[in-house]
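Take a look at the structure set out below.
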Amino acid sequence: MKRRHFVTGMAAAGAAACSQDADMGAIGEGARPQETFEWNMVTAWPPGLPGLGVGVENLARRIERASNGRLRIKVYAGGELVPALEVLDAVSRGTVQMGHDSAYYHRGKLPAAQFFTTVPFGQTVHEINAWMYYGGGLELWQEMYGEKFNVIPFPAGNTGVQMAGWFNKEINSVVDLPGLKMRIPGVGGEVMQRAGVSQITVDASEIFTSLQTGVIDAAEWVGPYNDISLGLHTVARYYYYPGWHEMGPQLQCTINRDAWMSLPEDLQEIVATVCQAINTDMMADYTWGNAVALETIKNDPNIELRGLPDDVLRLLKSLSEEVIEEMAAENEWTARIKASFDEAQDKLIPYHEISELAYMNARNL
Ligand code: CA
């Protein structure tokens with residue numbers, strides 16, 4: 001019961017709504033022919049992108065295999081069926097049954113959605129998973145998306161700690177920030193703006209050219225694995241860490257609630273379980289891929305790998321707290337989600353100080 005607490009409510013509702021189909025699942029195998037489902041999944045990712053693009057292909061393939069072909073999912077790359085930033089809208093309307101993107105793309109409609117991807121100086125991958133699966137985060141998320149979008153979300157992937165970004169200007173202290181032209185979206189961009197940076201909106205496909213031509217001085221995207229695939233290491237000199245703005249961003253698989261209700265309970269369980277498997281698998285893929293790509297970066301004499309100075313991080317941290325406090329004051333949903341997030345962090349941070357952090361420090365002695 002505990003293992004699947006995150007879908008219990010929805011699964012029970014689904015089972016009730018589909019009671020006439022109750023014997024079509026594993027229990028009633030052979031009693032009636034099993035219904036099959038053909039779904040479409042739109043995503044925000046370029047086709048075949050390492051990590052994200054490959055991860056969603058795996059998600060669809062594993063659901064099809066686990067369901068013995070009873071649920072087939074056709075995957076569309078960003079822009080193929082709907083624009084990359086309108087994935088959630090398409091799932092909400094029921095244009096497609098399923099989507100894969102980031103919650104924070106939709107913070108314009110719902111500021112609270114930011115928490116379900118990441119907030120600056122927020123949760124690591126271990127922390128967001130703990131909050132989601134055991135700290136009440138997923139229940140809140142499913143309640144909010146159900147009410148606002150008629151959609152059921154599941155965690156389905158994470159990149160782990162990203163990089164602070166590629167810079168063609170050195171950042172030696174806080175005085176180097178004002179006037180810098182940087183591509184850094186979301187709340188992180190808002191924080192940078194308060195530090196004097198000009199936040200320039202640049203689509204992922206245009207980061208390379210914008211850095212090369214000097215339209216921007218700096219850009220964040222993901223980390224070594226994805227950044228190398230865009231060629232960013234060939235158009236910027238300094239590669240700064242850590243990704244203070246995105247230290248464990250969670251990806252979302254969203255399912256139209258009516259489509260979810262049409263599934264028998266065993267297929268619902270397969271979808272939820274494969275999402276959880278992909279959540280782990282994508283993180284492992286990113287960890288390995290980033291480590292391998294980092295070797296390439298370290299061996300390149302034209303790249304300097306640097307940590308952001310402490311005074312810069314201190315300033316960004318205090319500005320982040322300011323921005324997040326203001327967000328929470330905007331509406332009731334954000335306040336409720338921030339309260340749950342804060343409660344989780346109050347428990348998780350002291351534990352991680354004597355476990356993950358203490359061990360990492362010990363390993364470096
Ligand atoms: Ca990023």
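The values are calculated or read from the model by the stated rules, or taken from the named source; none is laboratory data. For clarity, every value in this text was computed on a predicted model and none was experimentally measured. Positions of Cβ are generated from backbone atoms using ideal geometry, with glycine treated the same way; all protein chains shown enter the neighbour counts. Calculation scope for accessible area: heavy atoms of the full protein, side chains included, ligands and nucleic acids excluded. Shrake-Rupley method; radii C 1.70, N 1.55, O 1.52, S 1.80 Å.
Take Lys317, project a point 7 Å from its Cα along the Cβ direction, then tell me which residues of region 325-352 have their backbone nitrogen under 18 Å from it.
From region 325-352, the list is 325, 342, 345-352.
Using a 1.4 Å probe over the heavy atoms of the protein chains, calculate the carbon and sulfur portion of the accessible area of the chain as a whole percent.
53
So what is the relative contact order for the chain, in percent, with contacts set as C-alpha pairs under 8 Å and at least six apart?
In percent, rounded to a whole number, it is 23.
Hey, quick one: spin label on Ser198, modelled 7 Å out along Cα-Cβ, who in region 217-254 has an amide N within reach, i.e. under 14 Å?
What the label zone holds, given the 14 Å backbone N cut-off, is 217-218.
Could you order Arg306, Arg314, Arg70 by accessible surface area, starting with the largest, using a probe radius of 1.4 Å?
Arg314, Arg306, Arg70
Please work out the average accessible area per residue across the chain, using the 1.4 Å probe convention, and give it in Å².
Each residue of the chain exposes 44 Å² on average to a 1.4 Å probe.
Ranked highest first by the average count of other Cβ atoms within 10 Å around their residues, in what order do 252-259, 195-202 fall?
Order by mean packing, descending: 252-259, 195-202.
Karplus couplings for region 137-144 from phi (6.51 cos²θ - 1.76 cosθ + 1.60, θ = phi - 60°), rounded to Hz, Gly and Pro as x?
x, 5, 4, 4, 4, 5, 5, 5
Give a quick list of trypsin sites (Lys or Arg not before Pro) in region 130-215 that DSSP marks as loop, anything other than H, G, I, E or B, with at most 14 other Cβ atoms within 10 Å.
Taking region 130-215 and a limit of 14 other Cβ atoms within 10 Å, no loop trypsin sites (Lys or Arg not before Pro) are found.
Based only on Cα atoms, what mean projected area does the convex hull of the chain have, in nm²?
Its average projected convex-hull area is 18.6 nm².
So what is the 222 nm mean residue ellipticity for the chain from helices alone, if each DSSP H run of at least 4 adds -39500 (n - 2.57) and you divide by all residues, rounding to the nearest 500 deg cm²/dmol?
So the helix-based figure for the chain works out to -15000 deg cm²/dmol.
FRET efficiency for Val215 and Ala277, Cβ-Cβ distance as r, R0 = 51 Å, nearest 0.05?
E(calc), rounded to 0.05, equals 0.80.
Mind jotting down a quarter of the surface of the convex hull over the alpha carbons of region 69-169, in square nanometres, one decimal?
Across all orientations, region 69-169 yields a mean hull projection of 8.8 nm².
How much solvent-accessible surface does Thr118 expose, in Å² to the nearest 10, with a 1.4 Å probe and all protein chains in place?
So the heavy atoms of Thr118 present about 10 Å² to solvent.
With all protein chains present and a 1.4 Å probe, how do His100, His352 order by accessible area, largest first?
His352, His100
Taking all protein chains together and a probe of 1.4 Å, list Thr213, Thr334 from the most accessible to the least accessible.
Most to least solvent-accessible, the answer reads Thr213, Thr334.
From the backbone phi of region 35-46, what are the Karplus-calculated ³J(HN,Hα) couplings (6.51 cos²θ - 1.76 cosθ + 1.60, θ = phi - 60°) in whole Hz, Gly and Pro given as x?
Taking θ as phi minus 60°, the curve returns 5, 10, 10, 10, 10, 10, 10, 9, 9, 9, 10, x Hz for region 35-46.
What list of ³J(HN,Hα) values in whole Hz, one per residue of region 60-73 in order, does the Karplus curve 6.51 cos²θ - 1.76 cosθ + 1.60 (θ = phi - 60°) give from phi, with Gly and Pro shown as x?
These are the phi-based 3J(HN,Hα) values: 5, 5, 6, 5, 4, 5, 5, 9, 6, x, 6, 10, 9, 10 Hz.
Given a Förster radius of 25 Å and the C-beta distance between Lys74 and Asn331 as r, what FRET efficiency does 1/(1 + (r/R0)^6) yield to the nearest 0.05?
0.10
Which pairs break 27 Å Cα to Cα here: Lys109/Lys317; Lys298/Lys347; Lys169/Lys298; Lys298/Lys338; Lys181/Lys338; Lys181/Lys317?
Cα-Cα > 27 Å for Lys298/Lys347; Lys298/Lys338; Lys181/Lys338; rest within.
What is the spin-label model distance, in nm, from Val175 to Asp300 if the labels are put 7 Å beyond Cα along the C-beta direction?
Label at Val175, label at Asp300, 3.1 nm between them.
Cα centroid distance between region 245-301 and region 132-194, in Å?
One Cα centre to the other: 16 Å.
Averaging over all projection directions, find the projected area of the Cα convex hull of region 197-329 and quote it in nm² with one decimal place.
11.4
Taking amide H positions as placed in the peptide plane 1.01 Å from N, state which residues far from Asn40 in sequence (5 or more) or on other chains have amide H under 5 Å from it.
Under 5 Å from the amide H of Asn40 lie the amide H atoms of Lys74, Gln97, Met98, each far enough along the sequence or on another chain.
What translational diffusion coefficient, to the nearest whole µm²/s, does region 136-267 have by Stokes-Einstein, given a Kirkwood radius computed over alpha-carbon pairs, a temperature of 20 °C and 1.002 mPa s viscosity?
Translational D for this selection: 128 µm²/s.
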